[in-house]
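Read-outs throughout are calculated quantities, based only on the coordinates presented, and are distinct from any laboratory measurement. A quick note: this is a predicted structure, and the numbers were derived from the prediction, not measured. Cβ placement follows ideal geometry from the backbone for every residue including glycine, while neighbour counts extend to all protein chains displayed.
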Amino acid sequence: MDSQDILNFTFIGASFALYIGIAIWARAGSTKEFYIAGGGVPPIANGMATAADWMSAASFISLAGIISFIGRDGAAYLMGWTGGYVMLAMLLAPYLRKFGKFTVPDFVGDRYYSNFARVIAVLCTIIISFTYVAGQMRGVGIVFSRFLGVGIDQGVVIGMAIVFVYAVLGGMKGITYTQVAQYCVLIMAFTVPAVFLSFQVTGHILPQTGLGATLESGQSILATIDQLSTELGFREYTAGGKSTLDMFFLTAALMCGTAGLPHVIVRFFTVPRVKDARSSAGWALMFIAILYTSVPGVAAFGKYNLITTVNGDDGRGVAYATMPGWFKNWENSGLIGWADHNGDGRVQYAAGAAFQGKPEFDGENRNTDGSRVTLNPSDGQFDASKQPFANELYVDRDIMVLANPEIANLPGWVIALVAAGAVAAALSTAAGLLLVISTAVSHDLMKKCVNPQITDKQELMYARLAAIVAIFVAGYFGINPPGFVAIVVALAFGLAASSFFPAIILGIFSRRMNREGAVAGMVVGIGSTLAYIIYFKFMGGTRDELFMGISPEGFGTVGMLLNFATAFVVAAVTPPPPAEIQEIVHDIRIPRGAGVAQAH
Amino acid sequence: MSISRESADAYWKENVRIILSYLVVWFVVSYGCGILFVEQLNSIPFFGFELGFWFAQQGSIFVFCGLIVAYAISMNNLDEKYDVHE
């Protein structure tokens, strides 16, 4: 064990001790504490907890890498995953807080006076949350295997054990205060290396302004990356590749999906007053924006560092033997692969695939220069009029964040901090999702549908049992990742955008919307979105068959529009909702009299 | 409930008007500047960025934060005006 390992263990171990300590201090004693933290969370704390809940392994580890490789089109994720909060603050959170129940299915079931609507909402909640949580567990496993030298599977089990302690013991109360701590850890872990990196590449301390900086060559950093990219056969970094329509729909699906994700919405049930729901949405977005506005800088500097390090000063590639340590470390963990197509012993990076799919390694077998033997190199063909050589390098997008400190030669404690931050990001989101799943089972299914007679104590026991089962299922998916983890974005956001989002908005803004309209709308929205995603992601639909060129990730927007349209048409020809329901709608629009959420 | 039906409806109308005006800004900076007119805006230099690219990757997020803060303040005032605050 070298000194870096000791640092990694210390940082991750200390952060775990902190989370467990908080969980023991904030144990939940009633369903109200377990579901909504007793309803007394201050808005700033809720903002931080929401930010940690929201920013998952995908935001922390993958987002910068995605943008690094797709350039300007990455804006769909940047705007989509932040712009949703504007809608959340104005169209959903304050009224749902005033409604004052525990869950999203609670609102759907009560507002539309229908247990059928409630069950649809429960099913959507569970599907969305499970697809999402499986990716988090995997993320924990990957970080552990790289930084702590344990297997990915053992990493997943350790992650399960930690979440088990504070989600099952503490419920929402425990989760809320651990998420506050996790936010602090993850935001430091992201910004500290981002600042170092920005300063090294551009001389600016803030990555936000560094992205607009001019390099010593007199050219701006973005123009330099554009030039390097085109010389190597890539598209210009600042140019878009997706059609405007597709960008539009993708961004809208991510925004509406964000506003409709149950684990985010439920966080706004935990604050004391309606005005706190509004202000905590503002706090949440500000805390999120600290990371999200740093990401474009990290993405661009990472890309610049990668190209200049791999292709060297002369732009002709660097000999494998003289590659820096990080290159070999990440090759060992399988996130970098090299196939020497032209046999010159140098690593070259350009457009095109170096392998057929992801690189497959021949166990621990090594070439004479020490590089790993790979089994599936591509044919190495390239268009000599566009680029100087074939691409020989596979780079997993995740290393843009994970390897940054090493690429930039930052001190060991920064590397350890990044490891602790990545784990915090994954665990905080996983805990929020697991809680939503357990609540959906114990409260919405057991209490509201199956047996309304159960006592508060029994319900709490069901909630804990459901959380335990959910952790095991999530862990299983983390160890045996099914193919669907890759489409989690399309599925989770598409479902949230096409099911809850319209149903909740209509429930608040239309007094006339009735059970028939809402149920028909949800069924049509979910049905069309699922069919489209399944056809293109599982049944081999081709790109030319896409509806108006809209990618499956963006189809949630179409599903949402269909949901709205169906709901209006059906509601117009069926009877209006009963008077007491119209009274509820009247009531949730006025802040006064919210009180804390009531058990019922 | 201490407030009248009419006053509650007027409060709600004003709330919807405030929401719509903020959502127009929200739409213009993100879908307008960041997606629909990004190419046109890119001809304008902005602190080393092309303006369209800046809106797409950073500017819109700053505006989103400002919008929520402005909305929260507007609504606190509106709550006081109609005496529906908690």
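Some observations on this one:
- Largest first, the three principal axis extents of the alpha carbons in the stretch A:35-103 are 43, 22, 20 Å in whole numbers.
- A:187, A:175, A:205 arranged by Cβ crowding within 10 Å, fewest neighbours leading: A:205, A:187, A:175
- Residue-by-residue Karplus 3J(HN,Hα) for the stretch A:253-264, coefficients 6.51, -1.76, 1.60, Hz, glycine and proline x: 5, 5, 5, 5, x, 4, 5, x, 6, x, 6, 7
- Label-point gap, in nm, between residue A:27 and residue A:461 - each point 7 angstrom along Cα→Cβ: 1.7
- Cα gyration tensor shape for the stretch B:5-81, rounded if a/c is under 1.5, else prolate or oblate: prolate
- Stretched out straight at 0.36 nm per residue, the stretch from residue B:27 to residue B:78 would grow longer than its current Cα-Cα span by 16.0 nm.
- Remark: the residue A:379-residue A:217 segment gains 54.7 nm on full extension, using 0.36 nm per residue and subtracting the alpha carbon distance.
- Violating pairs (Cα-Cα greater than 30 angstrom) within the set A:242/A:537; A:173/B:81; A:358/A:386: A:173/B:81
- Shape of the stretch A:93-136, Cα gyration tensor, a/c cut at 1.5: oblate
- By the count of neighbouring beta-carbon atoms within 10 Å, fewest first, A:285, A:561, A:291 end up ordered A:561, A:291, A:285.
- Taking Cβ atoms as reference points and 12 Å as the exclusive limit, the residues near residue A:449 contribute a net charge of +1, counting Lys and Arg as +1 and Asp and Glu as -1.
- Per-residue mean of C-beta atoms belonging to partner chains within 10 Å, peptide A:237-243: 3
- Counting neighbouring beta carbons within 10 Å and listing from fewest to most, the residues A:389, A:69 come out as A:69, A:389.
- Scanning residues 5 or more positions from residue A:347 or on other chains, those with amide H under 5 Å from its amide H are A:318, A:319, A:320, with H placed 1.01 Å from N in the peptide plane.
- 3J(HN,Hα) along the stretch A:284-297: 4, 5, 5, 5, 5, 5, 4, 6, 5, 7, 7, 4, x, x Hz, from the Karplus curve 6.51 cos²θ - 1.76 cosθ + 1.60 with θ = phi - 60°, whole Hz, x for Gly and Pro.
- Environment charge of residue A:37, counting only residues whose C-beta is closer than 15 Å and scoring Lys/Arg +1, Asp/Glu -1: +4
- Cα centre as origin, Lys/Arg/Asp/Glu Cβ charges: the stretch B:5-81 dipole, Debye: 60
- In plain terms, the chain from residue A:127 to residue A:328 could stretch by 68.5 nm, reckoned as 0.36 nm per residue minus the Cα-Cα distance.
- Each part gets one Cα centre, and for the stretch A:104-153 versus the stretch A:71-87 those centres are 22 Å apart.
- The stretch A:325-352 and the stretch B:59-84: distance between their alpha carbon centers, rounded to Å: 51
- Extending 7 Å from Cα along the Cβ direction at residue A:243 and again at residue A:316 yields two label points whose distance is 4.4 nm.
- Shielding value for A:214-225 is 1, the average number of Cβ atoms from other chains within 10 Å of each residue's Cβ.
- Distance cut-off 40 Å, percentage of C-alpha pairs in chain A lying past it: 27
- Neighbouring partner chain Cβ atoms per residue of B:11-20, average, 10 Å criterion: 2
- Using R0 = 35 Å, the C-beta based FRET efficiency linking residue A:546 and residue A:231 works out to 0.65.
- Gyration tensor verdict on the stretch A:1-118 (Cα atoms; rounded if a/c is under 1.5, prolate if a/b is larger than b/c, oblate otherwise): oblate
- Distance between the 7 Å Cα→Cβ label points at residue B:44 and residue A:10: 5.1 nm.
- Dipole magnitude of the stretch A:71-201, debye to nearest 20 (Cβ charges: Lys/Arg +1, Asp/Glu -1, about Cα centre): 260
- Built amide H within the under 5 Å cut-off of residue A:376, gap 5+: A:360
- Alpha-carbon centroids, the stretch A:1-61 and the stretch A:168-242: separation in whole Å: 24
- Mean residue ellipticity at 222 nm, helices only, the protein assembly as shown: -20000 deg cm²/dmol; runs of at least 4 DSSP H residues each add -39,500 (n - 2.57), and the sum is divided by the number of residues.
- Peptides A:156-164, A:465-473, A:573-581 ranked from most to least packed give A:156-164, A:465-473, A:573-581, packing being the mean of other C-beta atoms within 10 angstrom over each peptide's residues.
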